[in-house]
Structures are given as C-alpha cells and as structure tokens.
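Colleague: Have a look at the structure that comes next, please.
The values are calculated or read from the model by the stated rules, or taken from the named source; none is laboratory data. Quantities reported herein were computed from a predicted structural model and do not represent experimental measurements. Cβ placement follows ideal geometry from the backbone for every residue including glycine, while neighbour counts extend to all protein chains displayed. The protein model used for the area step is the full one, side chains on, heavy atoms only, and it has no ligands, DNA or RNA in it. Shrake-Rupley method; radii C 1.70, N 1.55, O 1.52, S 1.80 Å.
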Amino acid sequence: MSTSPSTASPPPTDLQSQLSFSTILSANKAFSSGALLEARELCTKALVEYTPYHPVAYANRACIYSRLGYHDLAAGDAYRAVMLMEYVRAVLEGLEEEEEEEGSDGDEAAAEAGEEIAQDNNNHGEASTPPGEGGTDAEDEGSEGGDAGEAATPEGSDEEGEPTSIFTHIAQASFSTVSQFLKLSNGQSLDDTSDVRRVDLAAFVSKFDMLASFYLINSLRLAAALLDAYEFCESTLKRYNPEASSSGDPKPHTTAPAPALAPPPSGPGEELQITPATFISLKTTLMAEMNLKLEKALETQAQIGDISPEKSRTILSCGVARRECYPWNTYEPDRFSASSLAALNVSMTECAERASGKGNAKCEARVLQLPDLNPNPSPTGTGSGAVNLSNHLGIFATEDIYEGEVFFEEITTISGHPYPGKRILCDYCSSLLPQDDPSKLYLCPSCPKDPPLSTSSFSSPSPSPGGPSEPPSYPAYCSPICLSLALSSHHPTLCGREDDLSWIHTDILTSPNPISIYSTLLIKLLSTSLSQRLHPLLLPTTRYLYGVPSPSRALMMRWDFVSCVVRPIWILTQCLNIDVYAHPEFDTWVITTLLAKIMGTCSGRFEPALGLAHINTNTSSPSTTATSSTSSTSSPSTALSDCDDRPEVVNVHPTWALVNHDCEPNVGWRPEGKGRFWGLQPRGVDAPRDGVVAVRKGEEVKSCYTDRRLEVRVRREWARDMLGGDCLCARCLREESEEKEAALAPGKTDGEGGCPLVPGVRKLSV
C-alpha cells in the first residue's frame, strides 16, 4: 500500500456515493446475521474505496467493533464520526450566516468551518492548544519543511490559487458525502440537481450526531475511560440540553443511582431513540461508576491516604484495551518461520560483532514454548497458574557467556523523550551529547543553522547543569552514523517542523496519563512511515516486535483515549499535515497495534541531564537515585504513591526485545543509546567474577524487565503491561507460595494489590 501523502481524497462522485450506500446496507445485513467480521470488512471497504469522509460508515463500524469487544477501536471510530459531523454542522452554520450574500456556494463556509474546527477540537483532555491557526494551514506551512512538507500538502486550491488546508478539504468532502447519503436514504436520484433541503440536512445531522456521540460515550465507558466518557457526555448535553449540563469537574464520592443503559442497537444504522434524556441517564451512571473506581483505588492503595484531584483524573481516564493481532491484520510476519529466524540471527551477528569486534555471535534466536499468562490477575495481585503453552521466540547461548562479559551491543533504532529540541540527548539513539564543544554535534544540513527561538518553545522545569539556557529548536546527533540513520528514517518528515511539534511535546510532558511518553516514539514511527513510504506495520523497526498475540491468546494493555486516539490524530493532522481520513494506513487499529508493540518491548530510563527536577523528588537513597545514563528504580512506595516513577527516555532495541523475562536474570543491560548486554552475577554477589559462567551453552538468555530487588507483588505490577499477565517464573511462584504461608509484616504496604498507574518499562538489572 502506498502511503504517499501528496493527495487528499476528493469529494465522492455520484457512482462512489451509490456504491458506498449499497455497501453500507450490505454491512448492516451482515451485522444482523451475526457475520461481524464481514460487516466490518464491508464498512471498511466503503471508507477506503468509496467515501473516506463518511460519518455513517465510521459510526456503523464503531458499533461493530463494540460487538466484537474492541471498545477502544469503537471509541476511535465513533470519535471520527463525531468529528466529521462537527464539520458538516459547521458548514451548515456558515451557510446560514452567508445566506444573504449573493452567489454564496458554500466553499467559503467550508473553509471557515474547517479552520474553526482545526482550533476548537483540540481542547479535549489535558492538551494544550496548538500555536497559530491550528498549526495546520498549508499557507502557513509553506515549503520550509523541505520535501516532506511539500509532499504533505493536499492538492487543491481556492479561487485565488492558494492551497486549501486539510481541514477545509475535510469540511467540503464530509458535507458533500452526507448530502448525497441523505438523498439516497430519501430515495432521491443523484441525477436530481436540486439540493437537499437545509432543514432536512440539519435534522439529520443533529439526530445522527447524538447517535455517534452515544456510541463514543458508551465505548469509552466500556473501555473504562470513565472521565473521557463523562466529559463527552457533558459536551453533548451542552449542545442539545444546556440546562442538564453542569460546570466543573465531577466530585468524587457523590452517591448516585446507576440506572440501566438503553440496550445497544441490533444493527448499525438502526433507529435508536437517542435523546438528551439518554445522556442524562448516562451521566448519572458514569458518576456512580467513577465513584466506585475511586473507592477501589483507595482500597488497593491504602498508603496514599486521600487521592489528589490530578491523580483522580489519571485514575478515571486510564482504561484497558485488548492487545492482539486483529483478524484483519495481514501485515504481521510469521515470526517462527525459517526466513524470519535467519533474518533475526543476521542482526544478532551484527550486534555481537559490534560488542566484541568478532563476527561470531554467542547467542541466536530460537522458537520455544512458554505458558500463557493470566491477563486478569487476582485482586491480591498474585498469579493464577496458567497452564496453556504457546510458541514464542527466545535467545539461547551458542557458547558460554561469562560474568561481566559484554557479548551484545545494539544501537537504538528508535528513541523518544519530550525534549527533542533541547540538545542534551541524541535525537536518534538518545545518548548524551557533548555539552562542552558544539562543534562535536552533528546537525541536519537542511535544518536552519541558527534557528530563532519560537515563543512556542518551552524550557525545562529546571535548567540542566552545563546545558544551554534556552532550548534550541532543532535536534542534534552524537555521530555521523546516527545522523545518517535519522536522515534515512524519521527526520526528512520532521525536518523544519520541530516548532510545530513543540506543543505536542509540551502536552506529553505535562500529561498525567502514564502512557503519554510512548507518543514520543509514535511520532518517530509515523514520520518514518511517511519518509520511507511504507505502511507503519511494515517498518523494520517494529515488524518483528512481539506485542500482539493471536486473538485466541488476547492480552490486555493500559489504554487512554488521548494518548491512543486523539493525540495521534493531532500529530498527523496538526503537525505533519496528513489527512487521516484519506490514509487508511493511519487507522485507529494500526496506531493501537504500534502502541501495543512499543509498550510490550521498549525500555525506559531516567536521565538527570534533562534536569526534570519534579521526577523522584522524594527519592534520596543511593539504591534508588538515578545516575547518569542508567535506568533507575524508585522505591516501591514512591512508585505507588507519587506515580512519578515514569521513564523520561524510552528506547526500542528490536533484536534484544526477543529476550524473555525472568526475575532471576542471567544477563544485565543498560538501555542507553547503545544497549550493552553482559553476563550477570547472581543476586548477593557484588561484582562479576573472573572465569565464572553466567549463561552456559544451550541455556536461554534471560533478563529482568523490572528491578529484581523488588518483592514479588511489585515486580509483577511493573512487568504486567509488557508480559500481559502476572509473571510465572520460578522465583515468583516460590515467593508467592512463601507469601501465602507468612503474612506481610504489619504496616508494610509496598506493592499491595492494585495497579501503580505507571506503565511497565524494562528496567535496569542490577
């Protein structure tokens, strides 16, 4: 599939509208007969081949996703349907205002509606508003972004010859799509040149918008993103029943009955009696469910005491999603085939040569069987003894590996942190950059040499020691190799757009949601996809990453609406000038698959050089304080109570990601720009011993995804996001059995139950 962003889809022709209409009807019939995957395929066909700006097709597919149990995907499609109806409504309002102007044909109304929505629809959640006119107008972008910027400008121009923005185009196309759909729904022929009566169109928009909003709110509710559901419920009521909406945030612990919801429709597009009263009922239900969720959080995190308002928002916005290889995902390779293993072992040899200077690797990838883990741990936080076995990849020693021996070194293929313009870390591998001599930095030749500091640039919470007093706007690299790799991957798309991205990075930095940091990696992956004209799931960086098992072994992953649905759309449209509706390679399920792969395999570290003083302010003991260029592990009480123990830098090492987890690891590693891996001495041994074998030939190489010093409950909590369930290694099972025999000491609450509200990341083995 071509991912060229050079064109946006034009408004549908009469034939496309007719084919789309019949395809949607066929999807409804398939849905009614229970053929849900067929119905999903037909809705997708209507969107991809005929009418990409069709809110009805998106809403119907949302209903299908919900029936399939993919509530996160349902929320993504319902959100797009609501957004498209917002465009149509804005055009209608613009036409009414211009009704008295002679010769008005709606183009001006569409342009104004598109630019207004570009600004107004960025205030959901905790995000900041982008600078300028939505940060997206092609006229403002110009050609300063180089080839990538020119490629991303949609074709078309206004009557003065200026290129139209993405949002103007979406407004025009969605208005035309809905108008033609309404004609066909009313039995009119598209040959009829008379326009749809504006009053009929307005009535349809209002009715359908409430239906799509209901799908969105209910999907968010079922995905446990209760706060987002509540806020959308409030905004819907403000549109249709202002008296029923209230101002301010929901008050915790306000008791309210939870009435039953209206049953879901028996088919997409079926007439549902959705009225403002429906949302009043939903609002009451959501309030009760939010209170219940907060009460459970208090019970499982008793050491917290009272929950702060910010932490309450984090708890209420954190949801869950199914993590699996979707049945329609045809991009996943056969990771167990001979050709896949051969390709992975070539990478192994390259990493071994980088570490030792020799061409022979001391380890290789093989297929093995591991137990399926329980994605729903028991309330006490302990495992449940899964017995089913499934194929996985693992790394095995082909020669003895000795304690302290560095046998593997892999350059980070993708890294992210929320300070890309602050020249502290290499933009490609995240290694520390030299601060004493700017001539040692390697810069993109196309980036401005002395960029002016934009008012939208931001500063560190506290200045970095030895760092610049003001953050430069453009990234730097630690070596010619990293510069070359960046120029062949993400940088051509991002070149000249760093200022446009600064507000996204500010949003990531200030977001209380724990998985926001992964958006920094998502920016790089989407940009690489555009630079290389490859489908995002075909990128070499992520192709072989394990994160999406087969549907029969679906896992769960942490999910929040802003990080997984809203912000990716902002990144593509506001920052990269990409029409997400015209490019199905950026569909919600693709983004979710990328995030699942990242969350299941990436490593993270704290980086004191960034100067983030707000991180780990309550951590002072030597065993828990971050050191330069290493990962650190805060004390369990800090991790659970302050929720600040989030990584500042995240990295992906695709080859090393094949190493499986064990709480008694035999190799140690540091997630720096170059991941270095060595034979690890056992716990209780202070330093590597000469001539002592850490991994014997034929044994599996294992690392610890968390800190092996922690107790079993806390280790399991940290690793759960990556493993998809509770760890069942021999040490965890042994310590779990010991815990059942002896109760915890009085007053000890570290790791007691619940979820730390922090994403699991692979931590340093010490």
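Colleague: Considering only region 319-332, how many residues are open to solvent by less than 20 Å² (accessible area, probe 1.4 Å) and either free of Cβ contacts under 8 Å to residues at least 12 places away in the same chain or in a loop (DSSP other than H, G, I, E, B) (or both)?
Modeller: 3
Colleague: Which of the strands (runs of 3 or more DSSP E) contained wholly in region 653-766 include at least 2 residues that are at pLDDT below 85 and either outside the structural domain of LEU521 (by the TED database) or aliphatic (A, V, I, L, M) (or both)?
Modeller: Of the strands (runs of 3 or more DSSP E) lying wholly inside region 653-766, those with at least 2 residues that are at pLDDT below 85 and either outside the structural domain of LEU521 (by the TED database) or aliphatic (A, V, I, L, M) (or both) span 667-670, 674-679.
Colleague: Determine if region 681-698 includes at least one residue that is under 32 Å from the mean Cα position of the chain (by Cα) and among the acidic types (Asp, Glu).
Modeller: No, region 681-698 contains no residue that is under 32 Å from the mean Cα position of the chain (by Cα) and among the acidic types (Asp, Glu).
Colleague: Now, a different point. Out of all the residues in region 428-447, which are in contact with a Ser or Thr (Cβ under 8 Å, 6 or more places away or on another chain) and at pLDDT below 90?
Modeller: CYS429, SER430, SER431, LEU432
Colleague: Please go through region 335-374 and give me each residue that is surrounded by fewer than 13 Cβ atoms within 10 Å (Cβ to Cβ) and farther than 18 Å from PRO654 by Cβ, ordered by number.
Modeller: ALA338, GLY357, LYS358, GLY359, ASN360, GLN369
Colleague: Starting from region 30-50, take each residue that is in contact (Cβ under 8 Å) with a residue 40 or more places away in the chain and open to solvent by 80 Å² or more (accessible area, probe 1.4 Å) and list its partners that are among the small types (Gly, Ala, Ser) and outside any helix (DSSP H, G or I), counting only C-beta distances under 6 angstrom and pairs at least six apart or across chains.
Modeller: Sorted first by the residue in region 30-50, then by its partner, the pairs are SER32/GLY267.
Colleague: Something else: Any residue in region 81-94 that's crowded, with 24+ Cβ neighbours inside 10 Å: show its pairings with residues that are basic (Lys, Arg) at Cβ separation under 9 Å, as long as the two are six or more apart or on different chains.
Modeller: The qualifying pairs are ALA81/ARG61.
Colleague: Are any residues in region 519-549 outside any helix (DSSP H, G or I) and aliphatic (A, V, I, L, M), and if so, which ones?
Modeller: Hits for region 519-549 are LEU534, LEU539, LEU545, VAL548.
Colleague: Restricting attention to region 545-572, which residues are modelled with pLDDT of 90 or more and open to solvent by 10 Å² or more (accessible area, probe 1.4 Å)?
Modeller: Within region 545-572, just ILE569 meets the criteria.
Colleague: Continuing with this model, one more query. Take the conditions hydrophobic (A, V, I, L, M, F, W, C), at pLDDT 90 or above and either closer than 17 Å to THR330 by Cβ or open to solvent by less than 10 Å² (accessible area, probe 1.4 Å) (or both) and apply them to VAL580. Does it pass?
Modeller: Against the criterion (hydrophobic (A, V, I, L, M, F, W, C), at pLDDT 90 or above and either closer than 17 Å to THR330 by Cβ or open to solvent by less than 10 Å² (accessible area, probe 1.4 Å) (or both)), VAL580 qualifies.
Colleague: Moving on. Of all residues in region 333-371, which are of a type in the set (A, V, I, L, M, F, W, C), in a helix (DSSP H, G or I) and over 27 Å from the mean Cα position of the chain (by Cα)?
Modeller: ALA338, LEU341, ALA342, ALA343, VAL346, MET348, CYS351, ALA352, ALA355
Colleague: Could you identify the single residue in PHE208, PHE214 that is closer than 16 Å to ILE280 by Cα, open to solvent by less than 50 Å² (accessible area, probe 1.4 Å) and assigned to a helix (DSSP H, G or I)?
Modeller: It is PHE214.
Colleague: Now a separate question. Would you tally the residues in region 670-720 being small (Gly, Ala, Ser) and open to solvent by 10 Å² or more (accessible area, probe 1.4 Å)?
Modeller: Residues in region 670-720 being small (Gly, Ala, Ser) and open to solvent by 10 Å² or more (accessible area, probe 1.4 Å): 5 in total.
Colleague: When you scan region 382-392, do you find a residue that is closer than 29 Å to THR541 by Cβ, assigned to a strand (DSSP E or B) and modelled with pLDDT of 85 or more, even just one?
Modeller: Yes - at least one qualifying residue is present in region 382-392.
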